[in-house]
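The values are calculated or read from the model by the stated rules, or taken from the named source; none is laboratory data. Owing to the predicted nature of the structure, the values given are computational and were not obtained by experimental measurement. Note that we place each Cβ from the backbone using ideal geometry, even for glycine, and neighbour counts take in every protein chain shown.
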Amino acid sequence: MSQRLFKYLKNSFMGIINSFRIKSIQFIITVSFMFITTLAMVFVGTTIYNRISNLAEQNAFINTRQIIDQVNLNLDYYLRSMLETSNYLDNIIYYNESIPNEKLTEQMNVVLNSRKDIVTLAVFSSEGELVAGVPPFKVKNTVDITEQDWFKVPLQEPANLFFSSPHVQNLFEGQHNWVVSLSRQVTFNKDGKKVKGVLLVDMNFNVIDQLCQKVSLGKRGYIYIIDSKGNIVYHPQQQLINIGLKRENIEEVLEHVFGRYIDNFGGEERLVTIQTVNYSRWRIVGIAYMDEIVGIKKDIGNYVLWISALGMLIVISISAFISAKISKPIKQLEKSMKLVEEGQFDINIDVKGEAEVAQLSKTFNLMVTRIRQLMKQIVHEQEAKRISEINALQAQINPHFLYNTLDSIVWMAEHEKSEDVITMVTALAKLFRISISRGKNIITVREELEHAKNYLVIQKKRYKNKFEFEIEAQGEVLDLKTPKLILQPIIENAIYHGIEYMVDKGFIKVSVSIADGKLLYQVMDNGLGMEPEVLNNLLINEPKSKKGSGVGVKNVHERIQLYFGREYGLQIESELEEGTNVKIWLPIVRDENPEGLLHEKNDKAV
Amino acid sequence: MRKMIKLFRLVFLTIFTVFLISCTKNNDINNTSRKNISLILRTSYGYHWGTIKMGAYAAAREFNVDIDYTSPYDEDDVNEQINLVNQAIEKKVDALILGVSDYEALSESIERAYKQGIPVIVVDSEVDTEKVNSCILTNNYEAGKKAGDVLADIIGKEGKVGIINYDKEDRNAQLREEGLISAIKKYPEVKVAAKEYCFSDMKQAYNLAKKMLSENPDIDAIVALNEVASEGVAQAVDEMKLKGSVKVMAFNSTFQEIDYMDKGIIQATIVQNPFNMGYLSVKYALDSIEKKEIDKRIYIDSRVIYRDNMYLPENQKLLFPFIK
């Protein structure tokens, strides 16, 4: 059952979350906290409220009961003292020799003076005649005593005491006191005979009135007293009752001797508590208004509500705070990941937040670093591979060229042109020395020019002086460093494409200079020139013909760019029937550790 | 992060403050919800006004309101009473209950209070303005009529009667007299032999009664229209040993009057219900504060008590409202 309930709650809860379509951690944490807190607060709140309000109600009941018991105790004491007074007088009267006499009056006076609350003490004969009385009031001649209850009842029921309701004592002239009368049958000696009579003790009602008036139950509650017949003995709003503005539900009270119940009288719920006084059979009725008791409950309810609301607010703000604290580094991580997704690898996240998030960030940082390293490695490997290919290509120049050259030397030898053979072989030897140059890739400009010159010498011989050449260099550039064998492919290209099919004699000029802070080689010919599309393709595509050394112009260009970057490389200007000018831009490198050193090392590593 | 903590603290403080404010506010509401009603009577002395005051306090206790009681030192000091009313208006009491000394003099102050939205309840006698929420009065005309009927009854519906009223100007006195005359007129055999005004002076009443009795020895009964007049008349009849031959119809029930009733000099008295007046004035003042509809004029019944039935329990309570 509870599982089903839980499942239902979970489903509905998730349903709410889904309907929001917000599944951020922050939202989920906040809402969960809120949900749990609300449940807890409602549960705790209602429990506390029920408990406290029950206690308050019980307390109100107990308080009312205690107050009424107190009143009862006081009334009891008061009535008992009356009773004792009457017992005492009864005794005196019984043993008095003959009544009336001075002694009895004196004794009665002592009692009267010792008790301020006693208004009158009087003894009447069974015919209703005043036998003795203090203070010595005159009995009204208009009153028929024998018709009055306090006189009749004790004579009829000698064993019982008679307590009257409060009334105005109208026996004596000029006296109109509110009293409670206690009367009992007494026996006294008259003319030597024992005769019956009635003892009357009038107590000032004021005492009871003051006793009860001070009592209040709550703000508006009060007590009242009824006698056994339901007549009101005391009521704080006696006058209102007299004139019928107020009523009490006496019928229902009469059904109870002791206890409490809640009645609805005059449109108001009241707690009625009843206690019966000894001797007189009076009933003390306590009236407390339920709305005051309920008012306390309401106050408690409000208080609990406020506390709950406050607690909820605090918990919600704490949960918002915690969830924000948790989700913030995650969001940051997410942002960083997006950047990585876009290709930025130079990101390092500040490692912050909770242990898990910190771990995550750390791992993420490690991952990005690793990716960065791998990327670099790949780039390097690719470059190295390229360079190695080029180196291999470089090596390929030699046999092809060598066969042709050797063929030419053989031909020259056959025709006994020993001078030329010497020139050719010398040039070839020099060419290879520089070409190999102990495996170095970087040589001086001087050596490069020497290599170009030897190549040109060999080619000029092979092409039977079909062209002339000139090498021009400023003295300051000769000791600068340069990648080797970059001029040769350009010159080869100039010969094969520019000079070879020329009718006139060709001319090739190689020059080296410093321009715009860069090293500039220029290879100029006066050959056929190139068409624009050929020119445009020259640096982008591999040449289709495999004629020549096979090392294309493009290779030279790429090699330079690989070594030195994109601002360097080849620049070709060509015009049909006019010739071609190839400019080779290189950085000025003076010492042994140029930028390209790293590449050189990598080359060696590969 | 620091920003978050700051924000959190701020939120917490705000909640705490709101909580505190709400707590103190609750207390305020509890304190101010107790209504304060100003009760200004003509005088503190005498059975009649004392009982009105008692009734008001009984109601205040029942309805849980505060009563601010004052009265002029001298019963006829109208200016003093106007001052007291103005002070109460300045204090912005929730309601005003007035037992006025004068029919006209207080109208201006009462209208001012009414304009300021302070409910005004007038007890015992009327005022010369309509700007009061309610008048709670003994129906003096009816009381007079009752006195007339009882008087006619006592003398066997024929004979001569004398009237001693207490004031010519007083509105209540006028009404009582009008009621009395209208009742007497129903009995053609009953004649008014003499009419005098004692101006609430017992000595004067005594003298007037003596004079009236000696000038008109055939008078069967005298009716006195308030307690002072009643005591004076009873004293005169007692001293002239005319008990039995001249009946006395009295108003109200002072101890003197009750003694004379015991002696058989006063045959019957009209008892008002001042306690009821005081009680209802507070009740209706509260109703007015709560903007409930109440009657403009509320009459409190008076009652006739005869010598024979004065010690019946219900009459005891009317005749002896004070517990001594």
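Every condition in (1) modelled with pLDDT of 90 or more; (2) surrounded by fewer than 21 Cβ atoms within 10 Å (Cβ to Cβ); (3) over 25 Å from B:R303 (Cβ atoms) is met by B:Y141 except one, and the failing one is (3). Of all residues in region B:91-99, one or more are free of Cβ contacts under 8 Å to residues at least 60 places away in the same chain, surrounded by fewer than 20 Cβ atoms within 10 Å (Cβ to Cβ), more than 14 Å from every other protein chain (Cβ to nearest Cβ) and farther than 30 Å from A:I287 by Cβ.
Taking A:I262, is it of a type outside the set (D, E, K, R) and within 14 Å of chain B (Cβ to nearest Cβ)? The answer is no for A:I262.
Taking region A:236-253, which residues are over 18 Å from A:R65 (Cα atoms) and more than 10 Å from chain B (Cβ to nearest Cβ)?
Of everything in region A:236-253, those that are over 18 Å from A:R65 (Cα atoms) and more than 10 Å from chain B (Cβ to nearest Cβ) turn out to be A:R247, A:E248, A:N249, A:I250, A:E251, A:E252.
Within the set A:I443, A:I434, the sole residue that is modelled with pLDDT of 80 or more, over 25 Å from A:F467 (Cβ atoms) and either outside any helix (DSSP H, G or I) or touching a helix residue (DSSP H, G or I) at 6+ places or on another chain (Cβ under 6 Å) (or both) turns out to be A:I443. Scanning region B:270-324 for residues that are assigned to a loop (DSSP other than H, G, I, E, B), more than 8 Å from chain A (Cβ to nearest Cβ), aliphatic (A, V, I, L, M) and touching a strand residue (DSSP E or B) at 6+ places or on another chain (Cβ under 6 Å) yields a count of 1. Might you let me know whether region A:304-312 holds any residue that is under 30 Å from A:N160 (Cβ atoms) and either free of Cβ contacts under 8 Å to residues at least 24 places away in the same chain or loosely packed, with under 14 Cβ neighbours inside 10 Å (or both)? No: region A:304-312 contains no residue that is under 30 Å from A:N160 (Cβ atoms) and either free of Cβ contacts under 8 Å to residues at least 24 places away in the same chain or loosely packed, with under 14 Cβ neighbours inside 10 Å (or both).
The set of residues in region A:210-233 that are more than 12 Å from chain B (Cβ to nearest Cβ) and among the hydroxyl-bearing types (S, T, Y) comprises A:Y224, A:S228.
Conditions (1) at pLDDT below 75; (2) farther than 27 Å from A:Q561 by Cα, marked per residue:
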site: A:I349; (1), (2): yes, yes
site: A:A358; (1), (2): no, yes
site: A:L366; (1), (2): no, yes
site: A:S388; (1), (2): yes, no
site: A:Q394; (1), (2): yes, no
site: A:N398; (1), (2): yes, no
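When B:I52, B:I29, B:I67 are screened for being closer than 23 Å to A:Q213 by Cβ, within 14 Å of chain A (Cβ to nearest Cβ) and either surrounded by 17 or more Cβ atoms within 10 Å (Cβ to Cβ) or at pLDDT below 60 (or both), only B:I52 passes. Tell me, which residue of region B:105-130 that is touching a Ser or Thr at 6+ places or on another chain (Cβ under 6 Å) and outside any loop (DSSP other than H, G, I, E, B) is nearest to B:E293 (Cα to Cα)? Result: B:I121. Report yes if A:V179 is in contact with an Asp or Glu (Cβ under 9 Å, 6 or more places away or on another chain), buried (at least 19 other Cβ atoms within 10 Å of the Cβ), within 12 Å of another protein chain (Cβ to nearest Cβ) and at pLDDT 85 or above, otherwise no. Answer is yes for this residue.
Considered as a group, the residues in region A:119-149 that are within 24 Å of A:N101 (Cα to Cα) and assigned to a helix (DSSP H, G or I) include one that is farthest from the other protein chains (Cβ to nearest Cβ), and that residue is A:T146.
Would you mind stating whether A:E356 is loosely packed, with under 13 Cβ neighbours inside 10 Å, among the charged types (D, E, K, R), farther than 19 Å from A:M41 by Cβ and assigned by TED's automatic domain parsing to the domain that holds A:I226? Against the criterion (loosely packed, with under 13 Cβ neighbours inside 10 Å, among the charged types (D, E, K, R), farther than 19 Å from A:M41 by Cβ and assigned by TED's automatic domain parsing to the domain that holds A:I226), A:E356 does not qualify. Give the residue that is nearest to A:L535 (Cα to Cα), with candidates limited to residues of region A:557-606 that are modelled with pLDDT of 80 or more and of a type in the set (V, I, T). Applying the filter and picking the extreme gives A:I572.
Going residue by residue through region A:448-463, is there one that turns out to be aromatic (F, W, Y) and buried (at least 22 other Cβ atoms within 10 Å of the Cβ)?
For region A:448-463, residues aromatic (F, W, Y) and buried (at least 22 other Cβ atoms within 10 Å of the Cβ): present.
Out of A:V195, A:V257, A:V207, one residue alone is touching a residue at least 12 places away in the same chain (Cβ under 8 Å), among the aliphatic types (A, V, I, L, M), within 11 Å of chain B (Cβ to nearest Cβ) and surrounded by fewer than 20 Cβ atoms within 10 Å (Cβ to Cβ). It is A:V207.
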